[in-house]
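What follows is one structure encoded as structure tokens, with my remarks underneath.
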Amino acid sequence: MAKVQGAVVVNIEECKGCGLCVVACPHDVLQLNKEVNSKGYHYSYMANPNACVGCAHCGVVCPDTCITVYRAKV
Amino acid sequence: MGELKLMKGNEVLAEAAIRCGCDGYFGYPITPQSEVMETLMARQPWNETGMVVLQAESEVASINMVYGGAGAGKKVMTSSSSPGISLMAEGISYIAGSELPCLIVNVQRGGPGLGTIQPSQADYFQAVKGGGHGDYKLIVLAPASVQEMNDFVDLSFELAFKYRNPAMILTDGALGQMMEKVELADFKPRWTDEEIEEKSGSWATTGKPSSRKKNIVTSLEMDSNIMEANNHRFQEKYKKMEEDEVRYELFHCDDADFIIVAYGSSSRICQKSVEIARSKGLKVGLLRPITLFPFPNKIIAELARKAKGFLSVEMSSGQMVEDIKLAVYEAGRNTRVNHFGRTGGIIHTPEEVVEALEDKFSWELNYGVKRSY
Amino acid sequence: MELKDLIKPENLVYGKTKILEDEPMHYCPGCSHGVVHKLLAELIGEMGLQEKTIGIAPVGCAVFAYKYLDIDWQEAAHGRAPAVATALIRLKPDNFVFTYQGDGDLASIGAAEIMHACNRGENILVIFINNGIYGMTGGQMAPTTIEGMVTSTTPGGRNVDLNGYPMKITNLIAQLPGTSYVTRQAVHTASAARKCKRSIKKAIENVLDKKGTSFVEVVSTCNSGWKMTPVGANTWMEDNMIPYYPLGDLKDSVKGENSSEN
């Protein structure tokens, strides 16, 4: 059975660290980074990239449209 | 010669709007101007020219409909009477702040408050000094006949689009209800979006094609420096109006010792007052401002060189009189400026005006020289 | 598969629509406005409506909505967007006109304008963001603030004896014969947001088909005003707002045909 692999790209500077994507992710892929961006926000990142299936839930709930999602069969 | 008709001032406003290619009228009933919308609804111009006519839920809604239509580059107007204009004040300020062209007609009635339904000229300050919040001016035209009620509709739109600024016809219940002979203008076609763009540039919200940037109609600016620059631009525009758009009429002013200054209905009565005064041997003339903003300062300065006094005759407790005083002061003269007017919906008689002139300028009449303050 | 092999245009499944400007939004982190802006922008792009659309921005937090969508906009006086939109759609019936209003703008100061525009059945879309609070001015009570909810002008919680009852204005709107499609949605989860997008799409189609006014309420959060975290605000909304403002279609009809379900 083909496995689906996804990837989330966060525009770090536009992320406001609201964390909505973190709870929206059904596979616990995303976390807020300990590091901050230039505005001081703990931006979102893929803490667990291998679990991502590219469902784009994170992108849909992101109020700042700073998430781009890719998906491919592997 | 155009079509001649016997019509009410209010009816003529409606007819002139249809004929000059007005795109939309939005209004709310109020005495003494309800015939404007009634005439439009009876005429059904949407069948003839495509003009939209809509009875709004309030004056507040009317003026914001005008904002919306004007923001799309359309020739739109509303009409109301004094209390209704007060309700529109916020919207008018937005229209001025967003630099949109439109026409607002105020068929004045007596105030303050609910006041009376009889004619008045007590909204002069509201019309020429802004009325709403912020530093802005309206182009204010004051017709004195049903014919001018007709002519000033098209003129108002012309000036409004020339300056991208709201224009107001400041008239009153007497002129609105009065029937006179009027020569109607010929029909002009309504402008297309392309013609509007050709005439005044691409600023209207018509839907954004890929060929241009988006257009935004707003009066909001959070950057104080830009907001101040906007204000400077507005003031430049008002200054240009003061240079180029002043309109007035003189009647027997060449040899006049005393100048009556009166506009609209009041000026018609004062013409008779001038005749009565002259039959008594008093050299009295009449200055009739046609534009109340821009105000005819220069001619007042000129007249102040010879005149012994100015009498502002308004159906108010004294509003335009302040602008006359300012014009005289700015000209470095000490010519005395007085006011006479009835209020509460009462129209002064020609005789009352002459009596007031004799009374208020008794010193000048007896001694013939100007006195200092 | 390596990430660099995955992150390629042909594998793109979700990204920013062209209609959204690159300008970062001024909204607080986690604000629902951003999601609703995005849904609208996506639909305007997907439905090919950019050249026809004129948006009306309100006074409130969304006052700068005109900065974020690449369409023509007018910024209306507080509460008057439906009047502005009325003139636009009457004068330009081939355009697509929508208003975007908050609860203070629509249900308080603009209550008359929204009622009458909907009652006339103006062919416009109304997006109504209901977060039960005045966000822009610092978190005061709105007409939709629910009972007991703390705001800066109801520090002890909304007391209905003192402040009146939270207004279900969408239910009132649904009773007006001029409206065609009236629905209440939310965007707090991906599935809610996707459903909300389908509702807005249907609303736009109704407007384009001249079926009357379409009205989409989005029950939203204002985590700054509510003094919560964005995630906490979503939870609070689910537990407290949605029971009072239940999600779903209130009316699906055509102007003049009264089939209100409430």
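The values are calculated or read from the model by the stated rules, or taken from the named source; none is laboratory data. Small disclaimer: the values here were computed from a predicted structure and weren't measured. All Cβ positions, even for glycine, are placed from backbone atoms using ideal geometry, and neighbour counts span all protein chains on display. What goes into the accessible areas is simple: the full protein's heavy atoms, side chains included, and nothing from ligands, DNA or RNA. Shrake-Rupley method; radii C 1.70, N 1.55, O 1.52, S 1.80 Å.
Search the range A:14-34 for residues being within 12 Å of chain C (Cβ to nearest Cβ) and outside any loop (DSSP other than H, G, I, E, B), and hand back the single one that is surrounded by the most Cβ atoms within 10 Å (Cβ to Cβ). Here the residue is A:LEU20. Of all residues in the range C:90-114, none satisfies the criterion of being open to solvent by 10 Å² or more (accessible area, probe 1.4 Å), β-branched (Val, Ile, Thr) and closer than 21 Å to C:LYS201 by Cβ.
For B:ILE226, the test of being more than 26 Å from B:LEU175 (Cα to Cα), among the β-branched types (Val, Ile, Thr) and open to solvent by 10 Å² or more (accessible area, probe 1.4 Å) is passed.
Of the candidates B:GLY131, B:GLY176, the single residue that is at pLDDT below 95 and of a type outside the set (Phe, Trp, Tyr) is B:GLY131.
Among the residues making up the range C:206-223, a single one is closer than 19 Å to A:VAL23 by Cα and assigned to a helix (DSSP H, G or I): C:ASN223.
Residue count for the range C:66-97 satisfying the condition of being assigned to a helix (DSSP H, G or I), among the β-branched types (Val, Ile, Thr) and more than 7 Å from chain B (Cβ to nearest Cβ): 1.
Within the range B:30-68, the residues that satisfy the criterion of being within 7 Å of chain C (Cβ to nearest Cβ) and more than 16 Å from B:LEU87 (Cα to Cα) are B:VAL52, B:LEU54, B:GLY68. The C-beta contact set for the range C:1-25 (first residue more than 8 Å from chain A (Cβ to nearest Cβ) and under 28 Å from A:LYS39 (Cβ atoms), second residue in a loop (DSSP other than H, G, I, E, B) and charged (D, E, K, R), distance under 7 angstrom, 6+ apart or interchain) comprises C:ILE19/C:ASP70; C:GLU21/C:ASP70.
Looking at C:GLY164, C:GLY248, just one residue is in contact (Cβ under 8 Å) with a residue 24 or more places away in the chain, open to solvent by less than 70 Å² (accessible area, probe 1.4 Å) and either away from chain A (no Cβ under 14 Å) or among the hydrophobic types (A, V, I, L, M, F, W, C) (or both), and that residue is C:GLY248. Output yes when any residue across the range C:110-126 is more than 10 Å from every other protein chain (Cβ to nearest Cβ), of a type in the set (D, E, K, R), out of contact with any strand residue (DSSP E or B) (no Cβ under 6 Å at 6 or more places or on another chain) and on the phi < 0 side of the Ramachandran plot, and no when none is. No, because not a single residue in the range C:110-126 is more than 10 Å from every other protein chain (Cβ to nearest Cβ), of a type in the set (D, E, K, R), out of contact with any strand residue (DSSP E or B) (no Cβ under 6 Å at 6 or more places or on another chain) and on the phi < 0 side of the Ramachandran plot.
Being open to solvent by 10 Å² or more (accessible area, probe 1.4 Å) and not in a loop (DSSP other than H, G, I, E, B) holds for only one residue in C:ALA203, C:ALA192, and it is C:ALA192.
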